[in-house]
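Written below as structure tokens is the structure these notes are about.
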Amino acid sequence: MTQKPQTVLVIGATRGLGLALAEEWLGRGSQVIATMRDKPQGLESLAARYPGNLELEQVDIVEADTVTALRQRLDGRQLDILFINAGIARSIELSPVQAEEKDFLDMMLVNAFAPIRTAEILGELVPAGGTIAIMTSELGSIANANGSWQLYSSSKAALNMLMKGYAAQHDGSGHTLLLVAPGWVRTEMGGSQASLSIEQSIPLVVDMIEANRGKPGLRYVDRFNKPLPW
Ligand SMILES: NC(=O)c1ccc[n+]([C@@H]2O[C@H](COP(=O)([O-])OP(=O)(O)OC[C@H]3O[C@@H](n4cnc5c(N)ncnc54)[C@H](OP(=O)(O)O)[C@@H]3O)[C@@H](O)[C@H]2O)c1
């Protein structure tokens, strides 16, 4: 009997790590639903390479109604993995006295508040035994903080805190909950000086997600599945 391929939803998949996550799961035979805010960018050529296996959807996690609309379009479907990847970095080298307040508020909204709201809205499509993963960062660790990317790091620490709350409120859901730290990777956000290529990060991230399948509870882990200090 052939097994039904798993369904993976990647939120924020037009470029960088999200696009690579979609491509990696497609390459492993999954059915992938990938979201863009407006333009599909890299998703266009991926859709041509994987006709039938890649579904494109439109979501801006800051606009709750776009997330709710996706929830309605997916009614009756089951997600084996919901991966919320969307994130931004602004004023990365600046301190609170130097940065525009708006940059900090935007990061708190996009990186912390909106991903958890998205998990609240779409999480009910994930059955017990499924996985909800959110892209955080090694920089979200308060215990390991050294002051770099101070404002961005704070937004990821806030994400981690909100995910703790989500886990407590959904205790008994049977979901594997993962806060994923992918390493410092060369993307538009990571920059050209980053230590890892996308190929050195994302296949390991997907291996790690698969290794955690069916293990309920919340973990903050890196791409090697190593727990990180909160
Ligand atoms: N690169 C690194 O070194 C690194 C390290 C640790 C963690 N991370 C995290 O990994 C994730 C991906 O980072 P990346 O390096 O791939 O960044 P990136 O190249 O800047 O890509 C960011 C992605 O997020 C999407 N996005 C941004 N705001 C969104 C919103 N409001 N709604 C929906 N999608 C939105 C973007 O869509 P558009 O194309 O429409 O803008 C894009 O697809 C982020 O959460 C980031 O914080 C990255």
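Here are some notes:
- With Cα atoms, 0 to 90° folded angle of helix 16-27 axis to the chain main axis: 20 degrees
- Surface accessible to a 1.4 Å probe, per residue, for the residues of region 86-230, Å²: 47 Å²
- In plain terms, the bigger the Kirkwood radius, the slower the diffusion; for region 66-148, with that radius from Cα pairs, at 4 °C and 1.567 mPa s, Stokes-Einstein puts D at 88 µm²/s.
- Packing-based ranking of 186-195, 15-24 yields 15-24, 186-195, ordered from highest to lowest mean Cβ neighbour count within 10 Å.
- Apportionment of accessible area to carbon and sulfur, region 2-86, percent (1.4 Å): 45 percent
- Pairs of Cα atoms nearer than 8 Å and 6+ residues apart set the relative contact order; for region 30-185 it is 23 percent.
- Counting protein heavy atoms only, region 88-136 has 59 percent of its accessible area on carbon and sulfur, 1.4 angstrom probe.
- Ligands, DNA and RNA are left out, and with a 1.4 angstrom probe the accessible area of region 1-85 is 49 Å² per residue.
- In this label model, residue 200 and residue 102 are separated by 3.6 nm, measuring between points 7 Å along each Cα→Cβ vector.
- Region 79-230: Cα Rg divided by the 2.2 N^0.38 Å rule of thumb: 1.02
- Sequence-separation-based contact order of region 60-110, relative, with Cα cut under 8 Å and 6+ spacing, percent: 39 percent
- Region 122-230: relative contact order as a whole-number percent, Cα under 8 Å and 6+ apart: 33 percent
- ³J(HN,Hα), Karplus 6.51/-1.76/1.60, whole Hz, each residue of region 64-79, x for Gly, Pro: 4, 5, 6, 6, 5, 5, 5, 4, 6, 4, 8, 3, x, 8, 10, 9
- Cα centroid of region 163-204 to Cα centroid of region 83-159, whole Å: 10 Å
- Residue by residue, region 97-112 carries 3J(HN,Hα) couplings of 7, 9, 7, 6, 4, 4, 4, 5, 5, 4, 5, 4, 6, 6, 8, 10 Hz when phi is fed to the Karplus relation 6.51 cos²θ - 1.76 cosθ + 1.60 (θ = phi - 60°); x denotes Gly or Pro.
- Whole-Hz Karplus values for region 4-10 come out as 5, x, 6, 9, 10, 10, 10 Hz, taken residue by residue from phi with 6.51 cos²θ - 1.76 cosθ + 1.60 and θ = phi - 60°; glycine and proline positions read x.
- Relative intensity, log₁₀ I(q)/I(0), of region 6-162 from a Debye sum that treats every alpha carbon as a point, q = 0.10 Å⁻¹: -0.37
The values are calculated or read from the model by the stated rules, or taken from the named source; none is laboratory data. As the structure is a prediction and not an experimental result, all values here were calculated from the model. Note that we place each Cβ from the backbone using ideal geometry, even for glycine, and neighbour counts take in every protein chain shown. To get the accessible areas, we keep the full protein, side chains included, count just its heavy atoms, and leave off ligands, DNA and RNA. Shrake-Rupley method; radii C 1.70, N 1.55, O 1.52, S 1.80 Å.
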